[in-house]
Structures are given as structure tokens and as C-alpha cells.
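Everything below concerns the one structure shown next.
The values are calculated or read from the model by the stated rules, or taken from the named source; none is laboratory data. Just so we're clear, the structure is a prediction, and the values are computed from it rather than from any experiment. A quick note on method: Cβ atoms are made from the backbone with ideal geometry, for glycine too, and the neighbour counts reach across all protein chains shown. Only protein heavy atoms, including side chains, enter the accessible area calculation; ligands, DNA and RNA are left aside. Shrake-Rupley method; radii C 1.70, N 1.55, O 1.52, S 1.80 Å.
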Amino acid sequence: MSDSASIKTNYAEVENAGLGFWAVFSVFALLFLVGLGAFNYMHHHGHYVTGMNNQIVWGMPHVFAIFLILAASGAANIATLGTVFKKQIYQPQGRLSLLLAASLLIGGLVVILLDLGRIDHVIEMATGALNFSSVFAWNVILYSGFIAIIAVYLWTMVDRNKVAKAQYKSMGIINFIWRVILTTGTGSIFGVLLARQSYEVIAMVPLFLAVSYLLGTAVYSLTLILIFKLTQREIGNDLLIRLSNSLSIFIIAVLVFECLRYIINTFVINHPGGEVLPLLSQGFTSLFWLGQIVIGCLIPLALLFGPWFKNHTSTLLISSFLIVIGGLVQLYVIIVGGQSHPLVLFPGAETSSTFADGIVNQYSATWSEYLLGFGGIGLAFCLLLIGLRVLRILPTTLSD
Amino acid sequence: MKKNNFDTYRRNFLSLVGLTAATATIAPNLILRQAKAKPDDEAITDKVRWGLLIDVNKLTNGGDACVAACKKEHGWGEEPHSNEAQKAQWVRKVTVTKKESGDTFSLPIMCQHCETAPCVDVCPTGASMKRIDGIVQVDKHICIGCRYCMMACPYKARSFVHENLFDQRPDTPRGKGTVESCNLCVHRIDKGKNPACVDADPEAIIFGDLNDPVSKISIALKENDTTQIRADLGLNTGVRYQGL
């Protein structure tokens, strides 16, 4: 089934890339270059030029990086739907889904890499300095493996050779399983931190899975609509409605798992410090409610469900954009908010010191951190656009 | 008569040999245990586990002396470009006020040298490591500066170096972009000395081998009511407190 659908679809490189295409490419290339500049600035001076400190050790670069990694895993879901779940409407988009996933992942990894204090020491990892009791080390393997799997999976889609085609289905399944493990691994980075009270592995992993599906589908929808507009190709209403429905379901899933996280943290886990989620009381309230819940979930949900917008393209476009903003805010609240809550050293006592014990930690990202994050987005979309320019990734049409 | 003299001589000789042998066997152990000295070419051993016992009631100004000695020994906290939240603090004086009773006390908190250290578990490269004698420290040569260990440490005992450093202490190599923390003055321990904080407040802090049942620290741990901070986490810390 999948094979025949792939064969029926015509794919074409972006051959007559007009000014618009190159203008968009230039914007992303510039973002990437500026991101590199920000890296050079941070690397030359040290991290004192950032807003990160010994209390908030992970900041804005990590928000962007984890956003891109989660979105990568979710974006590949379109390919999974076509291959594993045999949804015909998604089968022609498998290639775009995978190329986008790989590009986003590389963008995210580069941001993490460029934020490291000693990037030159990474070479030690290649020579065997890997600690397999570390979730982080496992993720390095999961991320590299994901890119390798995407490469083979893409080959089974693109190559008409029988050997390649024979592997199509199994690669789809491998990719699906790998994605779930990868997102679980990413959630576990936070989940295994026993000292941090707002992270619990049983709450973080399902939440990250849901967030990954939501962000991936939103970024995919944005990319699909804009690229098709740019290359003057058609998208049918059926597909737009399907994507809208998927987004609605994923928004509800994220809301459910966010509630579950709150319930688990408040009622199930017996934290010695008592109140645990900073997002409801300490400095992150408005970001959480306004940014994550209203802008990132409720407004898109109203747009996607409501009868007031008949134009599916703009509804999906606006909703996806708001979901992306909400997703970035959510990750900020999780990552920075989670660190802002003081560690409980003495349950039932108040503490103070010269090292910010007992107080809610403050963080304000500097421009270099934002630029590094945007640099990752720039790199991801540069890679995507180059791929679309030289490879037969895009279907010539996705009309009904 | 002659025979008797010979017997006496022989007995005295044998006694002397026996005494010498006994002294040669026992004395080095006694002397070594006292001074803890170890030749440079001798490997460290897992037979010992170094630890500290801090008596909160005997501390000089709640740990000020200890903090000052550590700072002087290792030279942290003088980073000119970093702001207060970015400057390194290997040990800090924490003031604790119990909510119910209102009782207040202060104590120094540094790396607790956990037996099952979360920072060692999470480090992707193995830079955050535990020596077989229980000292937890960072191998600066392979630390990539990801700060995951800082996220994982329940005691917030680690600092990240946010800038270039100059005029460092010869025994404390530090570097921009790497993580650092109390290493129990490993350079002093390996020379048979006490950590700097112990020498700065010897009445309040006992340093020694937790594995040795007759060491001063082990005896003090047996005789007194001592605590581990956040013992509920089950990390079996090498730093213990008395009088909390």
C-alpha cells in the first residue's frame, strides 16, 4: 500500500527557486551566522556574559535546544502515520517529515553543543569518555542513532530499488520505536534529578511525549504551509483539517499531562519541602497561565475547534505559530522555573546564605543566549531548505 | 657458670630480637595511621573512605573560619567579571531557622562526598568522578561544562567557572567553562595533611577514615548523635554533622 502510494506521488526538487526562496534562506542563514557570532562571544569571554549562573545553570539556550529536539521527534510522526499506521494522506509527506525532523534535531544539538563550557573536550567523548550510567550520554547515542535511522528510512522512501523498498515498513517501525525512546530519554534528563522537586520522572516522560507530538506537528504544519506557498504548490483542505484535528488532540493531551504532573507533584510524591511547583506561585505564574495555557493551548484550541474561521490554511498557520510560542514558554517554565525553586536542605526550616539558599532564583537571559537559540533554528531551516533544493523531497502537489 | 652466662646472653639476645621485630611490625602502623602520609608513587586505596564530622556547636562563627580557609587554599570567589550569582563558592555558611521552634544555627555546606553521588551518575563523560577513597571531584581534562552535575547535586555544592582565570593556586587547577567543587583538599590529603577547613577549625571539624573503626572520626560517629543532610535521599554522605 505504502509503496504504491509513494510511487503515485510525484516529487520534485525546488528547481526554479525564486527570489522568495532565497530571501527566506538568507534570513535563516543570517540567523545561523549571528548565532555563531553569539557562540564566539560567549566562548571567548566565558558564561559570565550570559544570564545563567550557579543557581540557574540551564537557561535560554536549553529552552531552544530542547524545543528543537522535541519538535524533531514530533515532526517525524507524520512519516510514522504514513508508514506504520498506513494513513494514506500522510504517505507522500514522509520525506518532508523526516528531513524536517533531522534538520530540527541537528539545530537543537548544535545549540546544546555551542553552549557547553568546554566544547573542545567533547572530542574526549569520541575517544571513549562516555559514562553509561548517565542519561545524558545515552541521549547522545539516541540522538546520533535517530539521525542515522532517518537517513536509512529516507533512503527506503527515495530509492526505487527493491532492496530499499523492502526495508520501508521495518524502518518505519524502528523509527517509531526509536522516537518514543528518544523522547523518553529527553524527559528523563529532568526526571532523574531527585533533588529537583518540580521534576518527577513519572510525570515528565508522558508530558514530554505529548509536548513532542504537539510541537512537532505545529512546526511541521508551519513548515508545510510556508514551503508550499513559497514553491507555489497546493495543499488540499482534507490534509489541513487532519493536521488541525491532530493539533487539537495533542493540545488536550498536553493539558491532561500537565494537570497530571501537578497532581503527581502535589499529592502523590511526598516532598519534604511541601509546595513544589514554582509555576503556580513564584514568578512564573503569568508566564504559565498566559503564555503556556492561554496563548499556547486555549486560543489555538478555540481557533481549531471554533466555527468562526473558514480558511483552514490561516487557522492552522496562526494556531501552529501560537503553539510554538506557547511551547517555548512551557519549556522556559519547566527548565528555568524548575531551577528557580530553592533546594530543600532542611525540611521544616528556613535557610539563608550568600549562595542563594532559601530564595527563589532570578534569571534574565541576555541577547547572546537568544541569538544562540535562534541560530539553532536558523541552522535547522537552512539544512531543510538546502535539502529541499537538491533532493526530491517535496510532492509536486498535496491537493485533494 | 660459663654455660649459665651463655644462656643469659642468649635469652637477652632473643628478647631483643623479638622486641625489635615487634616494634618494627607495630610501630610503622601506628606512625602511619597518625600521620596518614603516603609516598607520591603509592596508589590510593579503597580501604579508606575519607570523611568529615562537623560539630555545629563548636564552629567558629558558624563556619566562617572554615569558609575563609577554603577560599584562601583554593582561591575561588575572586572572579572579577562574574556577578555574585556567578562567582564560585565551594563552601558556604548556611543559616538555618527551624520553623516550629525558631532555633537558629549556622553551618558550612560543601560537597558532601556522597557514596552514591548523583553528580557522578549523571556526568556524560565521567569527569565528575569519585576516587576509590571516597573523594568526589571533577576531572577538568574531560569536563565539557554541560552543568548537568549542578542540576543533579541536592546540596548545590558545585560552581561553574564563568570566565578566564589567572594567578591560580598551584595545587588547585581551575578552568573557564568547567565545573568545580570541594575536593576535600585532595592535594593535602595525599601528602598526609588535613583539609584546610579542618586545620582552620580543629575543635569543630574532625577529618579521618570512615572505614577505620578506631579512627577518631569513627569513634566520634559512634559516640555521638550525628546527621547527614537530606539523609532521606540515601546518598550515604562522607560529610556528617553533629548538633543539628
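Just one of the numbered conditions (1) more than 14 Å from every other protein chain (Cβ to nearest Cβ); (2) among the aliphatic types (A, V, I, L, M); (3) over 23 Å from the mean Cα position of the chain (by Cα) is not true of A:A129: (1). When A:I119, A:I123 are checked against the criterion of being within 12 Å of chain B (Cβ to nearest Cβ), out of contact with any Cys (no Cβ under 8 Å at 6 or more places or on another chain) and touching a residue at least 40 places away in the same chain (Cβ under 8 Å), A:I119 stands alone in meeting it.
Give me the helices (runs of 4 or more DSSP H) completely within region B:176-244, filtered to those with at least 3 residues that are in contact with a strand residue (DSSP E or B) (Cβ under 6 Å, 6 or more places away or on another chain), in the same structural domain as B:M110 (by TED's automatic domain parsing) and more than 30 Å from A:H47 (Cα to Cα), ordered by residue number. Step through it out loud before you land on a result.
Details: elements: B:186-189, B:196-200, B:216-223.
Per the criteria, B:216-223.
Scanning region B:115-125 for residues that are within 8 Å of chain A (Cβ to nearest Cβ), open to solvent by less than 30 Å² (accessible area, probe 1.4 Å) and out of contact with any His (no Cβ under 9 Å at 6 or more places or on another chain) yields B:P118, B:V122, B:C123, B:P124.
Among the residues of region A:35-43, is any open to solvent by less than 10 Å² (accessible area, probe 1.4 Å), away from chain B (no Cβ under 14 Å), under 19 Å from A:L215 (Cα atoms) and assigned to a helix (DSSP H, G or I)? The answer is no; no qualifying residue exists.
Consider region B:65-90. How many of its residues are within 12 Å of another protein chain (Cβ to nearest Cβ) and either closer than 13 Å to B:P202 by Cα or β-branched (V, I, T) (or both)? Spell out how you get there, then give the answer.
Residues of region B:65-90 that are within 12 Å of another protein chain (Cβ to nearest Cβ), as a first pass: B:67, B:71, B:76-77, B:79-90.
In the following step, the residues that additionally are either closer than 13 Å to B:P202 by Cα or β-branched (V, I, T) (or both) were identified as B:67.
Here the count works out to 1.
Looking across region A:44-69 at every residue that is among the aromatic types (F, W, Y) and in a helix (DSSP H, G or I), the one that is farthest from A:I106 (Cα to Cα) is identified as A:Y48. For B:F166, the criteria (1) within 27 Å of A:I189 (Cα to Cα); (2) open to solvent by 20 Å² or more (accessible area, probe 1.4 Å); (3) free of Cβ contacts under 8 Å to residues at least 24 places away in the same chain hold in every case but one, which is (1). If you go through region A:9-48 and pick out every residue that is at pLDDT 95 or above and more than 26 Å from the chain's Cα centre (by Cα), you end up with 4. Yes or no: region B:55-64 includes at least one residue that is facing chain A (nearest Cβ under 7 Å), more than 30 Å from A:I141 (Cα to Cα) and open to solvent by less than 30 Å² (accessible area, probe 1.4 Å). No, region B:55-64 contains no residue that is facing chain A (nearest Cβ under 7 Å), more than 30 Å from A:I141 (Cα to Cα) and open to solvent by less than 30 Å² (accessible area, probe 1.4 Å).
Residue selection: A:Q362 satisfies the criterion of being within 12 Å of chain B (Cβ to nearest Cβ) and either surrounded by fewer than 21 Cβ atoms within 10 Å (Cβ to Cβ) or in contact with a Leu (Cβ under 7 Å, 6 or more places away or on another chain) (or both). Condition check: over 19 Å from B:G177 (Cα atoms) and open to solvent by less than 10 Å² (accessible area, probe 1.4 Å). Does A:V135 satisfy that? Here the answer is no, as A:V135 does not meet what is asked.
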